[in-house]
Amino acid sequence: LRFILSRSGLEYSEKSYKQSQIICRRGDPAKDMFFVKEGTVEVEVGSKKKEKKYILHEAMFGEVGVLSEKGVRTATCKAHTDVVLVCLAADQVQLLTKNFPEYGNCVKKRALSIVDGSDETDNEVFKDILKLHPLTNSLEFVHNHSIGERLAADISESVFDSPLAKSAREEVPLGSLDLDTLSLSDEQMLCLLEVMFERLHLIEELQMERKKLRRFLLLFRLHCRTNPYHNFQHMFTVAQMVFSVISAPPVSEKVEKLEKMAVLISAICHDLDHPGLTNSFQSNSQSKLTSKFSSSFLENHHASLLWELLLIPEADFLNCLSAEDYMYVRKTINECILATDMAQHNKIVESCKSRLANFDMTNKEHSRLFLLLVLKLADIANESRPFSISSKWAKNLVEENGAQYTLETTLKLPKAEYMNPARIDLAKVQVFFIDSFLLPLARVVAELEPKLEFILERVTKNRTIWMSKSEKEPEIGSP
């Protein structure tokens with residue numbers, strides 16, 4: 001369930017109401033399930049008390065703009081006129097309850113009592129939430145900072161120190177591309193993200209506050225959607241491959257600690273709050289992101305949200321940096337995340353090819369470019385893992401693309417036929433992607449650092465397997 005209380009975030013008019021529509025002043029269709037209780041929430045902010053009528057909708061999750069049978073409920077609230085309060089989506093609550101029972105139950109209990117307004121203590125929490133952080137106006141991309149921020153401060157750090165987490169520290173081969181990240185639990189992955197910072201000696205050498213790092217990681221997890229492909233597991237997988245490269249010689253000896261930290265953070269957050277819909281979909285549907293950013297809509301959103309989370313004092317683990325180092329890390333992270341836009345892929349690869357002859361890892365600009373390429377490679381290099389693992393990732397992407405194709409059909413938007421689940425030949429698509437995007441990038445990385453040629457070899461091996469499964473030559477068309 002997602003709980004929402006909003007100043008004119010959603011509007012309803014009996015005259016204009018249609019069964020297939022939810023009217024939204026800000027122009028976005030409501031795509032999530034909203035559930036509220038009728039009643040009054042007593043909230044005071046400063047000396048301003050302005051009574052407002054709030055319209056609270058309940059809609060079926062996943063159905064675009066379709067109201068459920070229960071329709072519309074109204075409530076009267078006293079609140080700051082610019083406040084938007086959103087809690088967690090159903091899939092997030094279920095996932096948290098499964099993997100972190102104590103935390104998940106806390107989320108549900110707190111959310112119910114806040115919206116109901118029946119508990120005096122939780123009203124105090126509600127007032128604290130209002131003071132924490134201004135929220136985005138976009139209903140399409142809100143995964144709620146305020147509730148997550150407040151709850152994250154209450155989470156026990158036992159998640160990182162549980163028996164399962166401890167066994168992961170000792171047993172999971174974090175530096176190996178044979179690791180099946182799809183087999184790991186959320187608890188294990190959260191713990192292992194912290195381990196990456198430890199083994200790179202970032203916590204110790206930069207005097208990083210472990211508690212703030214942990215809170216950031218928990219907030220980061222709250223902002224990962226449960227898409228078939230662009231989910232927490234994908235971001236962990238990318239971070240794990242980046243870690244495997246920068247933690248081992250000779251790369252570990254050539255890259256400075258600030259650059260290591262920057263590319264690791266980039267890997268962790270490079271798809272933060274990804275909606276499972278492409279930039280093309282954002283453009284064709286004229287989503288909120290298209291009015292906020294001029295290009296690379298998703299990538300700009302991922303980076304922007306990362307810095308928003310770091311504005312929260314309790315989660316700002318980068319406060320250990322000097323102003324100069326902070327700006328350098330910020331610039332590097334932004335460049336790395338924006339480079340993951342596949343629309344820029346060929347341009348970046350060709351640009352790097354032209355620098356091969358004069359490439360020098362002791363040059364700070366060159367080493368930063370190398371790490372950018374490592375992140376790009378990790379983002380698309382599932383085929384560097386054993387075929388039994390990479391094929392599962394390929395199927396997950398097909399499922400996500402198929403969902404977008406169906407949505408585009410429903411909304412009568414332009415569609416990419418390679419996403420059509422009824423027509424796709426997975427083997428052909430994979431071979432095309434490997435030949436057009438992955439191999440050219442892997443070759444450049446291997447030329448810059450010959451010790452990484454093994455990645456090229458592993459990709460080539462999987463290509464051979466996919467070719468054996470394909471009866472025809474790959475069709476021309478971007479996967």
Q: Take ASP425 and decide whether it is farther than 22 Å from THR237 by Cα and crowded, with 16+ Cβ neighbours inside 10 Å.
A: yes
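Mind telling me which of the residues ALA357, ALA315, ALA323, ALA303 ends up being buried (at least 18 other Cβ atoms within 10 Å of the Cβ) and modelled with pLDDT under 95?
Result of the check over ALA357, ALA315, ALA323, ALA303: ALA315.
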Q: Go through the stretch 350-368 residue by residue and tally those that are among the polar types (S, T, N, Q), assigned to a helix (DSSP H, G or I) and either more than 30 Å from TYR229 (Cβ to Cβ) or in contact with a strand residue (DSSP E or B) (Cβ under 9 Å, 6 or more places away or on another chain) (or both).
A: 2
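Out of LEU338, LEU309, LEU407, which single residue is assigned by TED's automatic domain parsing to the domain that holds ALA427, modelled with pLDDT under 95 and within 18 Å of the chain's Cα centre (by Cα)?
Numbers: LEU338 fails: modelled with pLDDT under 95; LEU407 fails: within 18 Å of the chain's Cα centre (by Cα).
After ruling out the rest, the residue left standing is LEU309.
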Q) Which of (1) free of Cβ contacts under 8 Å to residues at least 24 places away in the same chain; (2) surrounded by 15 or more Cβ atoms within 10 Å (Cβ to Cβ) does ALA403 not meet, given it meets every other one? A) (1)
Q | In the stretch 266-295, residue modelled with the lowest pLDDT [restricted to those that are crowded, with 20+ Cβ neighbours inside 10 Å and among the small types (Gly, Ala, Ser)] | A | SER287
Q) Which one of the conditions (1) touching a Gly at 6+ places or on another chain (Cβ under 6 Å); (2) in a loop (DSSP other than H, G, I, E, B) does GLU400 fail to meet, given that it meets all the rest? A) (2)
Q: Kindly provide the set of residues from the stretch 365-387 that are surrounded by fewer than 18 Cβ atoms within 10 Å (Cβ to Cβ) and either in contact (Cβ under 8 Å) with a residue 12 or more places away in the chain or outside the structural domain of LEU177 (by TED's automatic domain parsing) (or both), ordered by number.
A: PRO386, PHE387
Q.
Can you report the number of residues in the stretch 223-265 which are closer than 21 Å to VAL398 by Cβ and surrounded by fewer than 19 Cβ atoms within 10 Å (Cβ to Cβ)?
A. 3
**Q.** Any pair with Cβ under 9 angstrom, 6 or more apart, that starts in the stretch 181-201 at a residue that is in the same structural domain as ARG169 (by TED's automatic domain parsing) and hydroxyl-bearing (Ser, Thr, Tyr) and ends at one that is in a loop (DSSP other than H, G, I, E, B) and buried (at least 23 other Cβ atoms within 10 Å of the Cβ)
**A.** THR181/ARG385
(Q) within 28 Å of GLU324 (Cα to Cα), crowded, with 22+ Cβ neighbours inside 10 Å and assigned by TED's automatic domain parsing to the domain that holds ALA381: is that true of LEU206 in this structure? (A) no
Q) What about LEU371, is it part of a helix (DSSP H, G or I) and closer than 30 Å to SER468 by Cα? A) no
Q: Pairs only if they're at least six apart or on different chains, beta carbon under 7 angstrom, first in the stretch 413-433 and within 12 Å of SER470 (Cα to Cα), second among the small types (Gly, Ala, Ser) and assigned to a loop (DSSP other than H, G, I, E, B); list them, first residue then second.
A: ASP425/SER470; ALA427/SER470; LYS428/SER470; VAL431/SER470
**Q.** Single residue of the stretch 194-214 satisfying the filter (touching a Phe, Trp or Tyr at 6+ places or on another chain (Cβ under 7 Å) and in a helix (DSSP H, G or I)) that is nearest to LYS166 (Cα to Cα)
**A.** GLU194
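Kindly indicate whether PHE281 is among the aromatic types (Phe, Trp, Tyr) and more than 18 Å from ASP180 (Cβ to Cβ). Before you say what the answer is, go through the steps one by one.
Numbers: among the aromatic types (Phe, Trp, Tyr): yes; more than 18 Å from ASP180 (Cβ to Cβ): yes.
Against the criterion (among the aromatic types (Phe, Trp, Tyr) and more than 18 Å from ASP180 (Cβ to Cβ)), PHE281 qualifies.
Given ARG458, ARG463, which one is surrounded by 14 or more Cβ atoms within 10 Å (Cβ to Cβ), in contact with a Ser or Thr (Cβ under 6 Å, 6 or more places away or on another chain), under 27 Å from ALA248 (Cβ atoms) and among the basic types (Lys, Arg)?
Values: ARG463 fails: in contact with a Ser or Thr (Cβ under 6 Å, 6 or more places away or on another chain).
Just a single option satisfies the conditions, and that option is ARG458.
Quick grid of which residues meet (1) touching a Phe, Trp or Tyr at 6+ places or on another chain (Cβ under 8 Å); (2) among the polar types (S, T, N, Q); (3) not in a helix (DSSP H, G or I):
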site	(1), (2), (3)
LYS415	yes, no, yes
TYR418	no, no, no
ARG423	no, no, yes
VAL431	yes, no, no
ILE434	yes, no, no
LEU439	no, no, no
GLU457	no, no, no
Q: Among the candidates GLU324, GLU259, GLU350, GLU253, single out the residue that is more than 18 Å from the chain's Cα centre (by Cα), within 27 Å of SER176 (Cα to Cα) and without any contact (Cβ under 8 Å) to a residue 24 or more places away in the chain.
A: GLU253
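The values are calculated or read from the model by the stated rules, or taken from the named source; none is laboratory data. Just so it is clear, the structure is predicted and the values come from calculations on it, not from any experiment. So basically every Cβ, Gly included, is an ideal-geometry build from the backbone, and we count neighbours across all protein chains shown.
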